[in-house]
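The values are calculated or read from the model by the stated rules, or taken from the named source; none is laboratory data. Since the model is a prediction, treat every value here as computed from it, not as a measurement. Cβ placement follows ideal geometry from the backbone for every residue including glycine, while neighbour counts extend to all protein chains displayed. Remember, those area values only see protein heavy atoms, side chains included, never the ligands or the DNA or RNA. Shrake-Rupley method; radii C 1.70, N 1.55, O 1.52, S 1.80 Å.
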Amino acid sequence: MKVLITYKKEPPIEFVLESDQVIVGRGTNCDIVLDSDFISRKHLEITSVNDEFFIKDLTLSNWVSYNQERLQKDTVVPYFDFAELLLPGDFVVKIINDESAQNKSANLNKKDNVDIFKGTLTNAMIKADKKSKKKVLKEEVDIDVEISNNDLKDEKVKKLILVIILITTGVYYYLDSVTNEDSVIQSISEKKKIKKIIPIRINESTLDKKNNIEQKKNVEDGKSVFFNELIAESDKCSSHIVSNICSIIFKKIGSGEGIIVKTNSIYILKNYSLHVEQFFDYDFDKIKKGLSLPNLKDVIAAEMILLPSILEKLEKLGITKVHIYLFEEKYEKAELLESYLVETAYYRRFDLAEYNNSYKKIKEEFNFSLFEKDLQRFLTKE
């Protein structure tokens, strides 16, 4: 499988991969890494089945555009190279079947049964003089043939001219095929020696960042639309799967708060200001000091969720991902502050004592060191 990634008007970067499944994203464990804030950690999945390609949008609130339409989330769609495949941040993706590229290159070398010589002729040119009816062939290998009107009658000279014309025609087709198919021929020759080319990391800082503000705004707008859909859900915490968990996470459920179940994920909506007040037991001085600390959003997001017992229970219920949305109410409207992801399998990597000690230190001493050491790495910003 060959994948071409183009950023704006930059030359495309080519990836040749043997795997039948390729992941494109910002995460360092992806097969193709795009180092851009617009790209999700796992963004696009490409699958090859019997020389046919299929694509899937792996994002939660980001997007993949194919044939001028955004793909449905987690849905497999057939890919055809005549339709444009776009990612946020002006990235264009093209998928090529390596086997068809090899056949195309082989056919080009046999074009019109013209033999291609190993030597290279350059600057070859035939000029016709209407008055003298002479033909001159010039090139850098010092071929200089001059023929008069009388010489043209000689059969041997005619044959020589015919051979030279055929050579020149062959060189023209050779140079044309090399120019247009250089990347295909190179990949075929290298593929015999290399099983897999390690993807090149595309660093956005080395490329043109013009118009990034507008692109980033589009991504944020998409996330806000999804968040507003969650806020508008009326049956939060009504599912039997999460009704008991709701009572643990929320001491008192505020407007817009709750838990929504979608397939193998749950979405937890927390009112940030309300939970800060509850966290510091409505002590105004502590609340004021806590709000000035940079890690408080992470602490509030993880509170009563990064508990081994909660995550284990969710996993047994078939939940693999926990999405946490922190929001504030401004002018009677919910405004998204930050979103996080926690995987339920993480409960195996820490214990209840680490959770209790971390939160005790924060509440009593405003000390985040244990939280940063033991818990924060399990909380990923989306």
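Below are the figures for this structure:
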| quantity | calculated |
| --- | --- |
| Helices (runs of 4 or more DSSP H) enclosed by region 273-318 - at least 1 residues per element that are within 15 Å of Q376 (Cα to Cα) and small (G, A, S) | 296-302 |
| Unmet criterion (only one of (1) farther than 13 Å from I96 by Cα; (2) at pLDDT 90 or above; (3) open to solvent by 30 Å² or more (accessible area, probe 1.4 Å)) for L44 | (3) |
| Residue match in region 31-53 (condition: of a type in the set (S, T, N, Q), farther than 23 Å from K262 by Cβ and within 13 Å of the chain's Cα centre (by Cα)) | yes |
| 1 or more residues touching a residue at least 40 places away in the same chain (Cβ under 8 Å) and touching a strand residue (DSSP E or B) at 6+ places or on another chain (Cβ under 7 Å): qualifying strands (runs of 3 or more DSSP E) within region 37-97 | 44-49, 52-57, 85-87, 91-96 |
| Selection count, region 225-269, where residues are part of a loop (DSSP other than H, G, I, E, B), closer than 16 Å to E303 by Cβ and within 33 Å of the chain's Cα centre (by Cα) | 1 |
| Cβ-Cβ under 6 Å pairs, at least 6 apart or on other chains, region 230-258 side farther than 21 Å from Y282 by Cβ, far side open to solvent by 60 Å² or more (accessible area, probe 1.4 Å) and of a type outside the set (S, T, N, Q) | I241/L317 |
| Residue in region 260-271 that is open to solvent by 10 Å² or more (accessible area, probe 1.4 Å), closer than 15 Å to F227 by Cα and touching a Phe, Trp or Tyr at 6+ places or on another chain (Cβ under 6 Å) present | yes |
